[in-house]
Amino acid sequence: MTDGQVREAIRSFILTNFLPGEAPETLKDSTLLVTAGVITSLSMLELVDFIEDRFSVTLDPDDFGVAHMDSIDLLVDLVMERVGKAAGSTGSSG
């Protein structure tokens, strides 16, 4: 899975679920989602559920919030980090 695929999936989910009818070009990778009120505490739970299901990762409670979820850029970084950890955990631990 590439950074671009993750970015597009997250962008599409946000546009469809939280910004219906909004022109796609208005949602930038750096748009502040939580700070600007695009994502509320309830919609954050929907987004977390989508991310965990779509990318087969588990997010920690520490991941919920502005530090990790305030923009598409931050969300992509978070998902790619978790995908990397999931791939690394399939090997032997030591």
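Throughout, read-outs are computed from the coordinates displayed, never taken from laboratory work. In this text, all values refer to a predicted model and were calculated from it rather than measured experimentally. A quick note on method: Cβ atoms are made from the backbone with ideal geometry, for glycine too, and the neighbour counts reach across all protein chains shown.
Quick look at the numbers
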{"quantity": "Tensor-based shape of segment 16-55 (alpha-carbon gyration tensor, a/c under 1.5 rounded, otherwise prolate or oblate)", "calculated": "prolate"}
{"quantity": "In degrees, nearest ten, helix 72-88 long axis to first principal axis of the chain (Cα)", "calculated": "20 degrees"}
{"quantity": "Equivalent ellipsoid, segment 42-88 (semi-axes from 5 times Cα gyration tensor eigenvalues, Å)", "calculated": "16, 12, 9"}
{"quantity": "Crossing angle, helix 41-55 versus the chain [Cα axis fit, 0-90 degrees, rounded to tens]", "calculated": "50 degrees"}
{"quantity": "Mean Cβ neighbour count within 10 Å, used as a protection proxy, ranking 19-26, 69-76, 50-57 highest first", "calculated": "69-76, 50-57, 19-26"}
{"quantity": "Compactness of segment 3-84 as Cα Rg over 2.2 N^0.38 Å, two decimals", "calculated": "0.98"}
{"quantity": "Extension gain (nm, one decimal) between Thr40 and Ala86, 0.36 nm per residue minus Cα-Cα", "calculated": "13.8 nm"}
{"quantity": "Angle in degrees between helix 3-18 and the longest Cα principal axis of the chain, rounded to the nearest 10", "calculated": "40 degrees"}
